[in-house]
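A quick write-up on the structure given underneath.
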Amino acid sequence: MNTIQITTPSKNYPVFVGPNAINKLHSVLRNLKPSPKNLLIITDENVGALYLDDVQQAIESSYPYEVIQIQAGDDQKSFENYFACQSFALAKGLDRTSVILALGGGMIGDLAGFVAGTYMRGIRFIQIPTTILAHDSAVGGKTGINHPEGKNMIGVFHQPEAVIYSTEYLSTLPEHEKRSGFAEVIKHALIADQNLYKMLRKNICTIDDLKGEHLLQALIRGIEIKNNIVTEDEKEKGIRAYLNFGHTLGHAIESEVRYKGITHGEAVAHGMLFALSLKKETAHIAIELKKWLNTLGYPPLPKHLSIPSLINRMKKDKKAEKGTIQMVLLDRLEKPYLSSYEAEELEEKLTCFFEEK
């Protein structure tokens, strides 16, 4: 069992990472003050079928709880499901002492965290991630839902009480979900730890290599990197924007295809390649990364994407300022920075990028 202490201006909390970390849930709940009157478990149908029993057993009989399960898929991170969860919580009598348990991947963590952050103006919640991708999304307090005009456009910063990350839950992930999460691991390595990047390049030759100590080391280091950044910039007023490397285009692709046919991480992988291609100093990294991603089975860009439509979506990105598109670029490995582009200039570069694909 590994414990990483997250330190932010608004709250400090532990992340427990390792096999059977779920056994920490009961002690985390017991140590909460005030003691929870009741609990609400929010999960999706796929995860619930696999791991809901584990969570129920970890709670034991100490706390009454309710369960709401929604459909799986990032398109379910919607206002309709947000409203349904709020209505369910009200109907079941949750109050300001209650605690929400977010059991699932990034979609569930974001949705459940947003429900917790806004129910009765904010109640406590605990992240119980079940995907590799959630090593990033479960830490740092970003919560929210999607809007047809853009990903994660509606939300709040709301830190959890704890993150309980049982790594045995990752063994059931399909390959496309492993690739999705691994893209965020690669992102952390590129922006903050070139030694991690070199280790991953050396040891992860197929997606099946992402297991055991290599996986655990990657998850722990990714969480540490995010903690270092969030500690300094909790509300994304400065360097936290660097964590969006690859996300400006990635989010636009996801929104354009309505969150179907490509995972978050797969879209971000294309976004990272595009960002690296924008500077001649990092073009060689883009070439190496593209070859590696192809070997790992990352899919090509979805067909029939509209470049003008993608640009319009990028203009609505949360980092956009005064009509310009803010891109996270690398000066070199471990050296991210923000760079502004006019829409017309970026559209021309994106057209060239698509033609090279």
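Of note:
- The C-alpha atoms of the chain occupy a region whose extents along the principal axes are 59, 40, 36 Å, arranged from largest to smallest.
- In angstrom, the C-alpha Rg and Dmax of the stretch 288-357 are 13.9, 40.
- The trypsin sites (Lys or Arg not before Pro) of the stretch 1-81 that DSSP puts in a loop, and whose beta carbon has at most 16 other beta carbons within 10 Å, are 11, 37.
- Each Cα pair under 8 Å and six or more residues apart adds its sequence gap; the mean of these over the residue count of the chain is a relative contact order of 15 percent.
- Angle in degrees between helix 283-295 and the longest Cα principal axis of the chain, rounded to the nearest 10: 60 degrees
- Cβ-defined net charge surrounding residue 239, 10 Å radius [Lys, Arg +1; Asp, Glu -1]: -1
- Neighbour net charge for residue 254 - beta-carbon separation under 10 angstrom, K R +1, D E -1: 0
- Antiparallel %, DSSP beta bridges [both residues in the chain], to 5: 45 percent
- Once backbone amide H atoms are built at 1.01 Å from N, residue 97 has 37 as its partners under 5 Å, excluding neighbours fewer than 5 places away on the same chain.
- Rounded to 5, the percent of DSSP beta bridges in the stretch 175-356 classed as antiparallel: 100 percent
- Which of 242, 230, 305, positive extreme of dipole for the stretch 175-356 (C-beta unit charges): 230
- CD proxy at 222 nm, helix term only [per DSSP H run n ≥ 4: -39500 (n - 2.57); per residue of the chain; nearest 500]: -14000 deg cm²/dmol
- Rounded to 10°, Cα long-axis angle of helix 79-91 versus longest principal axis of the chain: 10 degrees
- Bridge type composition, the stretch 1-151 - antiparallel percent by DSSP, nearest 5: 30 percent
- Exposure here means at most 16 other Cβ atoms within 10 Å; with GluC sites (Glu not before Pro) in a DSSP loop as sites, the longest stretch of the chain lacking them is 150-333.
- Crossing angle, helix 343-356 versus the chain [Cα axis fit, 0-90 degrees, rounded to tens]: 80 degrees
- D_trans [Stokes-Einstein, Kirkwood Rh over alpha-carbon pairs] for the stretch 1-71, 10 °C, 1.306 mPa s, µm² s⁻¹: 116 µm²/s
- Ranked 165, 13, criterion: other C-beta atoms within 10 Å, fewest first: 13, 165
- The stretch 242-357, relative contact order [Cα under 8 Å, separation at least 6], %: 28 percent
- Relative contact order for the stretch 2-172, counting Cα pairs under 8 Å that sit 6 or more residues apart, in percent: 27 percent
- Normalised per residue, the volume of the convex hull around the Cα set of the stretch 2-172 (Å³): 103 Å³
- Trypsin sites (Lys or Arg not before Pro) within the stretch 209-263: DSSP coil, no more than 12 neighbouring Cβ in 10 Å: 237, 258, 260
Read-outs throughout are calculated quantities, based only on the coordinates presented, and are distinct from any laboratory measurement. Source: prediction; values computed, not measured. All Cβ positions, glycine included, derive from the backbone under ideal geometry; neighbour counts span all protein chains shown.
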